[in-house]
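Novice: This is the structure I have questions about; it appears just below.
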Amino acid sequence: MNYKEALNFAESGLYGHFEQEEYMKKILILFENPQKNLKIIHIAGTNGKGTTGFYLSHLLESHGYKTGHFSSPHISDYRERIKINNKRIEKDAFIKACEEVKSKEEDISKCGRWPTYFEMSLLIAIIAFRENIDYLILETGIGGREDATNQVGNTVLSVITTIGLDHTQMLGKSLEEIAFHKAGIIKERTPAVSFVHNKNVDDVLKKEADVKNSPLYFVDPHENMEVEKGHAVLCYRDQKIRIKSLGLQQGYNANLAIKAYELLIGDLPRDFSILEKAVFEGRMEILNTAPLFIIDGAHNEEGITLLSENLKQIPYDKLILILGTMSDKEINNFSDIVDLSSVLILTKLEYERAQKPEKILKDYHADSEIYYEDSLEKAVDTALGKGGKNDLILCTGSLYLIGAVRDYIKKD
């Protein structure tokens, strides 16, 4: 198997949502439970899973712990899903894991169906991590209680980030229903930590923890935090830690990661300096400075609200917005950001589910100067042509879009 063949095999998973019925457990048994010696930190939440896991992984690595991180989706490279010490696994290791899965292709098919795209990536990751790490940070796909990751076991800490309205057709239309699904990752007699939410949501989490006899800790996202020119500044051990990435939520997620580290290791980190250097791709990431060009993967109501708040902390003359969405996303979710823009550039992603540029606004009236571009390259070029050195170009609406834009900008 060469790398291209391995990648094609990894991407052979089914698309769609299927009933679990302990499917992932059956698959893992075929491989003699490769997760059996792993210590797993399980993370669920509407937003912030990736960034919280990213900061926690960096803190653990900087204190001598070898850490695996499984996340989804990827932005540019499939191997972003499978990292060891914050680096994509080597192509040879990826090929080896894919070959092992393929060797049991016939046995897998006898389990009732072929794995989904997400299940396949999870299986490959666990096999790749099997003997290489001290901790595995494992992010859920959707929800938690019925997610494939919840059948892996070996959890030493459960982490719950934000809870907002997303995937409502599967998780429910209220925050309490969604919280019930997220709370499902709390394991018997195993510590859990979560952001503070509203009382009703927190009560759902507390009830689950009580049933499981598990200690549950809450983190106030604003605690120990100041804001300086759009950057969160955390205060721990008489140190001031300026988070390198822009955005208030980066500070919130770093706070949660620090508490998770403390629960795992038994003390606060000795050194926080890694948080001043680490930048998580695609989350308030700066690609250019004059004009300031930021990409952010906000694609649901809660993420867009946070993005709107972040924009208020950044000085700029005018906002040039590049927006591309999937067909199942409501333009009203983006209205606050659209209303801030002087120039609005609507574009299309190279995906079947992508919304056509001319249909993104639907009936929404925008006062911006509007351009419709049928490719992201044209959208970026138009934005750069319109942007002065004190302007802000923001690209958002989909992780797929920002990944493609990131590749285009970095290539140049």
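The values are calculated or read from the model by the stated rules, or taken from the named source; none is laboratory data. Since this is a predicted model, take the numbers as computed values, not measurements. Cβ atoms come from the backbone with ideal geometry, glycine included; neighbour counts cover every protein chain shown.
Novice: Kindly indicate which of THR289, THR325, THR305 is more than 22 Å from the chain's Cα centre (by Cα) and among the β-branched types (Val, Ile, Thr).
Specialist: THR289
Novice: May I pose another question? Looking at this structure, is GLY143 at positive phi and assigned by TED's automatic domain parsing to the domain that holds THR51?
Specialist: For GLY143, the condition - at positive phi and assigned by TED's automatic domain parsing to the domain that holds THR51 - is met.
Novice: List the number of the failed condition for GLU146; all other conditions in (1) surrounded by fewer than 22 Cβ atoms within 10 Å (Cβ to Cβ); (2) in contact with a helix residue (DSSP H, G or I) (Cβ under 8 Å, 6 or more places away or on another chain); (3) closer than 20 Å to GLU281 by Cα hold.
Specialist: Only one criterion in (1) surrounded by fewer than 22 Cβ atoms within 10 Å (Cβ to Cβ); (2) in contact with a helix residue (DSSP H, G or I) (Cβ under 8 Å, 6 or more places away or on another chain); (3) closer than 20 Å to GLU281 by Cα is unmet by GLU146, namely (3).
Novice: Tell me which residues, restricted to the stretch 376-400, are part of a loop (DSSP other than H, G, I, E, B) and at pLDDT 90 or above.
Specialist: Within the stretch 376-400, GLY387, GLY388, LYS389, ASN390, ASP391 meet the criteria.
Novice: Under 7 Å between Cβ atoms, at least 6 apart or on separate chains: pull out the pairs that start in the stretch 6-27 with a residue that is farther than 22 Å from CYS98 by Cβ and end on any residue that is part of a loop (DSSP other than H, G, I, E, B) and modelled with pLDDT under 95.
Specialist: Within 7 Å, the pairs are GLN20/GLU146.
Novice: Moving on to the next point. What number of residues within the stretch 300-351 are among the β-branched types (Val, Ile, Thr), in a loop (DSSP other than H, G, I, E, B) and in contact with an Asp or Glu (Cβ under 6 Å, 6 or more places away or on another chain)?
Specialist: Number of matching residues: 0.
Novice: Then there's this: Looking at this structure, is GLU188 surrounded by fewer than 21 Cβ atoms within 10 Å (Cβ to Cβ), over 25 Å from the mean Cα position of the chain (by Cα) and part of a loop (DSSP other than H, G, I, E, B)?
Specialist: yes
Novice: So, in the stretch 158-177, exactly how many residues are within 18 Å of the chain's Cα centre (by Cα) and either charged (D, E, K, R) or modelled with pLDDT of 95 or more (or both)?
Specialist: 5
Novice: Still on this structure, please answer the following. Applying the selection to the stretch 13-24, what residues are surrounded by 15 or more Cβ atoms within 10 Å (Cβ to Cβ), in a loop (DSSP other than H, G, I, E, B) and out of contact with any strand residue (DSSP E or B) (no Cβ under 8 Å at 6 or more places or on another chain)?
Specialist: GLN20
Novice: Checking the conditions here, which among LEU246, LEU268, LEU216, LEU256 is over 17 Å from ASN47 (Cβ atoms), of a type outside the set (S, T, N, Q) and surrounded by 19 or more Cβ atoms within 10 Å (Cβ to Cβ)?
Specialist: The conditions single out LEU216.
Novice: For the stretch 259-267, check the following and say yes or no: at least one residue is within 18 Å of the chain's Cα centre (by Cα), not in a loop (DSSP other than H, G, I, E, B) and not assigned by TED's automatic domain parsing to the domain that holds ALA298.
Specialist: Yes - at least one qualifying residue is present in the stretch 259-267.
Novice: If only one of VAL193, VAL159, VAL201 is among the hydrophobic types (A, V, I, L, M, F, W, C), within 30 Å of GLU32 (Cα to Cα) and buried (at least 18 other Cβ atoms within 10 Å of the Cβ), which one is it?
Specialist: Going through VAL193, VAL159, VAL201 in turn, the sole match is VAL159.
Novice: What's the number of the condition ILE370 fails, among (1) under 22 Å from GLU302 (Cα atoms); (2) in a strand (DSSP E or B); (3) of a type in the set (A, V, I, L, M); (4) more than 21 Å from the chain's Cα centre (by Cα)?
Specialist: Among (1) under 22 Å from GLU302 (Cα atoms); (2) in a strand (DSSP E or B); (3) of a type in the set (A, V, I, L, M); (4) more than 21 Å from the chain's Cα centre (by Cα), the lone unmet condition for ILE370 is (1).
Novice: If GLY403 satisfies all but one of (1) under 28 Å from the mean Cα position of the chain (by Cα); (2) part of a loop (DSSP other than H, G, I, E, B), what's the number of the condition it fails?
Specialist: Evaluating GLY403 over (1) under 28 Å from the mean Cα position of the chain (by Cα); (2) part of a loop (DSSP other than H, G, I, E, B) leaves (2) as the failure.
Novice: In this structure, does LYS206 turn out to be surrounded by 14 or more Cβ atoms within 10 Å (Cβ to Cβ) and at pLDDT 95 or above?
Specialist: The answer is yes for LYS206.
Novice: Take CYS98 and decide whether it is assigned by TED's automatic domain parsing to the domain that holds THR168, in contact with a helix residue (DSSP H, G or I) (Cβ under 7 Å, 6 or more places away or on another chain) and farther than 30 Å from ASP407 by Cβ.
Specialist: Answer is no for this residue.
Novice: Checking the condition assigned by TED's automatic domain parsing to the domain that holds THR396 and either under 23 Å from ALA383 (Cα atoms) or in contact (Cβ under 8 Å) with a residue 24 or more places away in the chain (or both), which residue from GLY247, GLY297, GLY251 passes?
Specialist: Of the residues listed, the single one that is assigned by TED's automatic domain parsing to the domain that holds THR396 and either under 23 Å from ALA383 (Cα atoms) or in contact (Cβ under 8 Å) with a residue 24 or more places away in the chain (or both) is GLY297.
Novice: Could you tell me whether ILE274 is without any contact (Cβ under 8 Å) to a residue 60 or more places away in the chain, surrounded by 15 or more Cβ atoms within 10 Å (Cβ to Cβ) and touching an Asp or Glu at 6+ places or on another chain (Cβ under 9 Å)?
Specialist: Answer is no for this residue.
Novice: Only one of ILE84, ILE127, ILE137 is more than 22 Å from LEU256 (Cα to Cα) and surrounded by 16 or more Cβ atoms within 10 Å (Cβ to Cβ); which?
Specialist: Within the list ILE84, ILE127, ILE137, the selection yields ILE127.
Novice: Go through the residues of the stretch 376-391 one by one and say whether even a single one is under 20 Å from ASN300 (Cα atoms) and either surrounded by fewer than 16 Cβ atoms within 10 Å (Cβ to Cβ) or in contact with a strand residue (DSSP E or B) (Cβ under 9 Å, 6 or more places away or on another chain) (or both).
Specialist: Among the residues of the stretch 376-391, not one is under 20 Å from ASN300 (Cα atoms) and either surrounded by fewer than 16 Cβ atoms within 10 Å (Cβ to Cβ) or in contact with a strand residue (DSSP E or B) (Cβ under 9 Å, 6 or more places away or on another chain) (or both), which makes the answer no.
Novice: Which residues, taken from the stretch 25-45, are in contact with an Asp or Glu (Cβ under 8 Å, 6 or more places away or on another chain) and surrounded by fewer than 24 Cβ atoms within 10 Å (Cβ to Cβ)?
Specialist: Across the stretch 25-45, the qualifying residues are ILE27, LEU30, PHE31, ASN37, LYS39.
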